[in-house]
Amino acid sequence: MGFGGYFSFNRFLAVISKEFVQMRRDRVTFAMMIGIPILQMIIFGFAINSDPKHLPTVVLAGDHSVFSRTIIAAMQNSDYFKVISTAATEEEAAMLVETGQVQFVLTIPEQFSRHLIRGENPSLLLTADATDPAATSNALSAFRIVAERALARDLDGPLSHLRRGSPPVDVIIHPRFNPEGITQYNIVPGLMGVVLTMTLVIITALAITRERERGTMENLLSTPVKPFEVMIGKIIPYIIVGYVQMGVILLASYFLFKVPIIGNLFLLLGVSLLFIAANLGVGLTFSTLARNQLQAVQMAFFFFLPSILLSGFMFPFRGMPVWAQHIGEILPLTHYLRIVRGIILKGNTFDQILPNLWPITLFLVISLTIGLKRYRSTLD
Amino acid sequence: MADASPVIAVRNLTKSFSGKTVVNKLSLQINPGEIYGFLGPNGSGKTTFIRMLSGLLRPDSGSGTCLGFDILRESGKIKPLIGYMAQRFSLYEDLSVRENLNFMARIYRINNMRRTVDETVERMGLSRFANQLAGTLSGGWKQRLALSACLLHRPRLLLLDEPTAGVDPKARRDFWDDIYSLAAEGVTSLISTHYMDEAERCHRLAYLAYGDLLVSGTADEVVSRSGLKTRAVSGANLHLLSPELKPLAGVEQVVPFGSTLHVSGHDEELLDQSLNSLKNGKYTWQKIDANLEEVFISLMQEREGG
Ligand SMILES: Nc1ncnc2c1ncn2[C@@H]1O[C@H](COP(=O)(O)OP(=O)(O)O)[C@@H](O)[C@H]1O
Ligand SMILES: [Mg+2]
């Protein structure tokens with residue numbers, strides 16, 4: 001037997017039933033234990049798609065022939081592309097790529113059909129936002145085949161001789177922002193948002209819960225100190241922590257991963273304040289909901305999981321089904337990632353990041369309001 | 001002292017938690033400079049009552065003032081004037097003694113923070129521990145630190161919730177010395193305790209049982225109002241006598257007290273009649289005053305009896 005005495009089955013049962021009772025009493029832990037696996041199942045099972053389809057595309061058509069229309073129609077049918085406009089100007093198209101509203105720009109040169117019929121092998125230019133290589137690679141390789149097959153059908157009768165020999169068009173692919181398709185360029189700046197989300201939400205979620213759990217809240221509440229003072233007093237130190245984390249990641253990006261930093265760093269540091277505050281707001285709200293520190297950590301993870309999986313950090317945003325994209329659009333990390341990548345890799349200006357700035361601001365206002373409303377200045 | 005309006009005056013204060021009444025229509029007045037004792041078994045609502053006074057809990061009904069301010073609407077004005085010491089040590093265990101005091105001094109926005117803290121550390125005998133983490137102090141010193149922390153801003157009212165629980169006699173004596181000198185300066189104290197010797201040190205006291213205020217007044221008043229009569233028995237082999245006494249008519253309590261047994265009951269005639277049968281020369285009997293503990297236990301027995 002050994003092991004210091006005998007095994008008592010009844011004692012064993014007593015422990016098990018006690019654990020169950022405690023588990024049932026602790027509703028949040030229970031909900032989390034159920035919720036996290038479900039969440040993971042949903043996310044990994046349905047939401048993740050490394051073969052993104054329906055990527056928004058604009059067409060700069062310098063030629064309105066039947067061949068152009070055939071190519072555009074074939075792109076649509078391939079499922080990889082979703083042509084949202086065929087009437088943009090060059091500047092508009094450039095802007096749409098820079099702000100991340102479209103993934104591709106297809107340029108059909110003037111006189112395209114004429115050159116094609118004459119067998120002069122005209123070129124088709126497909127410009128891609130290659131910030132996230134995973135999002136574009138499949139679509140890019142599909143495009144060449146799509147275009148050639150589409151034209152092959154049109155080139156019959158007297159033109160059928162053009163189908164023989166070399167391909168009738170010369171497809172030129174121009175990946176912008178991350179031309180070598182280096183995954184780190186995409187991941188490392190993104191990591192900044194992920195690390196800030198993870199640590200700041202957890203730390204602040206613990207901040208007030210810890211006071212309650214250790215009984216120090218009772219002393220604090222009996223003094224003249226105001227809720228807002230406590231909240232802000234707890235937030236500021238962590239904002240500083242957040243900036244230190246950013247600094248470390250930026251230095252590592254630049255020196256270790258050689259990520260080209262094109263945009264304005266001060267703009268990035270400035271708008272990051274909103275993102276940091278939004279996360280702290282979430283943490284504070286959790287800390288007013290949680291009854292102990294364990295619950296606070298669990299809630300933080302409950303927020304962190306969709307943030308990391310649905311924000312476009314781990315998987316291309318456009319590869320997710322629409323419902324998952326809708327959830328992603330709510331999360332501050334989604335917008336922050338676009339801002340960080342936009343500024344660092346594309347040199348975005350303030351105007352260009354604005355569409356992603358106001359959702360973070362809205363989130364911040366809502367989370368801080370809930371946090372402050374829920375902060376109880378009494379013990380009941 | 002002539003026109004001294006009460007420091008605490010509450011009427012019908014009631015608080016319940018999920019349907020269970022914890023403080024039941026409690027009315028109480030405490031005067032300036034008074035040391036007021038708060039007694040009663042665990043779970044009687046002492047802590048809840050003190051928390052309502054200090055603005056930590058909102059009463060369900062009733063009204064009252066604390067230092068002239070309404071406890072329901074003006075807790076913001078009350079808080080800077082009171083010193084509250086929670087039942088559980090509620091300073092930061094991971095801060096040093098001095099850091100804790102500095103923190104509290106800042107919260108109360110004390111001028112000359114450094115000097116005030118230095119003086120307090122000195123006066124309360126905390127110098128040795130000034131840089132020690134509060135979590136590593138012994139119970140007695142933690143209590144002393146907590147008291148120091150709530151004296152920094154020179155409050156006019158101290159609300160002390162079981163401040164001496166688990167503290168050694170010397171530290172308790174020091175604590176009471178402090179409370180007395182503060183009272184002499186006009187500081188009022190409301191102190192909850194389980195110790196009878198401390199109850200007797202209070203100017204006045206109240207006894208709470210499961211939300212109800214059973215009795216209040218000076219220690220003497222409480223004893224005489226209870227109408228409890230007590231006899232002390234001494235002699236050899238008292239432990240043999242005790243089981244014989246308990247079933248007798250008129251005997252409500254038999255309590256060993258040092259080398260004597262205290263036998264008490266409300267009906268003096270019946271008590272003496274019953275005891276006569278045992279007066280056979282082996283024991284010495286003596287008429288004494290009931291003590292507070294006997295009174296409180298008898299109050300609880302009456303309450304439970306119906
Ligand atoms: N925050 C609370 N929520 C629910 N019940 C409480 C709460 N605080 C106290 N109680 C209950 O109220 C009763 C009185 O508690 P308390 O005021 O702490 O008594 P005492 O200090 O006299 O021991 C106890 O039964 C306790 O369980
Ligand atoms: Mg208590």
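Every read-out reported here was derived from the displayed coordinates using simple, explicitly stated rules and does not represent laboratory data. Note that the structure is a prediction, hence the values are computed from the model and not measured. Neighbour counts run over all protein chains shown; Cβ positions are idealised from the backbone, glycine included.
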Quiz item: Radius of gyration and Dmax for the protein assembly as shown's Cα atoms, expressed in Å?
Solution: 38.9, 143
Exercise. Mind listing the long-range amide H neighbours of residue B:8? Cut-off is under 5 Å, sequence gap 5 or more, other chains count too, H placed in the peptide plane at 1.01 Å from N.
Key: B:30, B:67
Exercise. Report, please, the projected area of segment A:315-371 averaged over directions, based on the convex hull of its C-alpha atoms, in nm².
Key: 4.6 nm²
Quiz item: With θ set to phi - 60° and the Karplus curve 6.51 cos²θ - 1.76 cosθ + 1.60, what are the ³J(HN,Hα) couplings of segment A:197-204 in order, to the nearest whole Hz, using x for Gly and Pro?
Solution: 4, 4, 6, 5, 5, 5, 4, 6
Quiz item: Amide H to amide H under 5 Å from residue A:55: which residues, 5+ apart in sequence or cross-chain, H placed 1.01 Å off N in plane?
Solution: A:81, A:82
Quiz item: So what J values fall out for segment B:192-205 if you push phi through Karplus, 6.51 cos²θ - 1.76 cosθ + 1.60 with θ = phi - 60°, rounded to Hz, Gly and Pro as x?
Solution: 8, 7, 10, 8, 5, 5, 6, 4, 5, 7, 6, 5, 9, 8
Quiz item: If Lys and Arg each add +1 and Asp and Glu each add -1, what is the summed charge of the other residues whose beta carbon sits under 13 Å from the beta carbon of residue B:69?
Solution: +2
Exercise. Set the Förster distance to 30 Å, then compute FRET efficiency between residue A:118 and residue A:351 from the Cβ-Cβ distance, nearest 0.05.
Key: 0.10
Quiz item: Once both labels are modelled 7 Å past Cα along the beta-carbon direction, what's the residue A:289-residue A:262 spacing in nm?
Solution: 3.9 nm
Quiz item: Considering amide H positions built from the backbone, and no H for Pro or chain starts, which residues 5 or more places from residue B:253, or on another chain, come under 5 Å of its amide H?
Solution: B:264
Quiz item: What dipole magnitude, in Debye to the nearest 20, does segment B:8-222 give about its Cα centre under +1 on Lys/Arg Cβ and -1 on Asp/Glu Cβ?
Solution: 700 debye
Self-check item: Which of B:195, B:92 has the fewest Cβ neighbours within 10 Å, and the rest in rising order
Solution: B:195, B:92
Quiz item: If you plug each phi of segment A:69-77 into the Karplus form 6.51 cos²θ - 1.76 cosθ + 1.60 with θ = phi - 60°, what whole-Hz ³J(HN,Hα) values come out, in order, with x for Gly and Pro?
Solution: 4, 4, 5, 4, 5, 5, 4, 4, 5
Quiz item: What's the percent breakdown of Cα-Cα distances in segment A:183-379 across 10 Å bins, shortest bin first?
Solution: 9, 35, 33, 16, 6, 0
Self-check item: Fraction of the pair-distance distribution of chain B above 25 Å, Cα-Cα pairs, percent
Solution: 56 percent
Quiz item: Just the Cα atoms of segment A:55-176, one point each, no solvent: what log10 I(q)/I(0) does Debye give at q = 0.15, 0.22 Å⁻¹?
Solution: -0.63, -1.28
Quiz prompt | Highest-MSF residue in chain B out of B:127, B:259, B:234 [GNM, Cα springs under 10 Å] | solution = B:259
Self-check item: segment B:229-289: Cα Rg divided by the 2.2 N^0.38 Å rule of thumb
Solution: 0.97
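Ignore the peptide's own chain and count Cβ atoms of other chains within 10 Å of each Cβ in B:86-94; give me the average, rounded.
Per residue, the number of nearby Cβ atoms from other chains is 5 on average.
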Practice problem: Over every pair of different alpha-carbon atoms in segment B:48-161, take the mean of 1/r and invert it; report that Kirkwood radius in Å. | Solution: 14.8 Å
Quiz item: How much of the calculated P(r) for segment B:1-57 lies past 18 Å, in percent of all Cα pairs?
Solution: 37 percent
Self-check item: Rg ratio (alpha-carbon, reference 2.2 N^0.38 Å) - segment B:113-219
Solution: 1.16
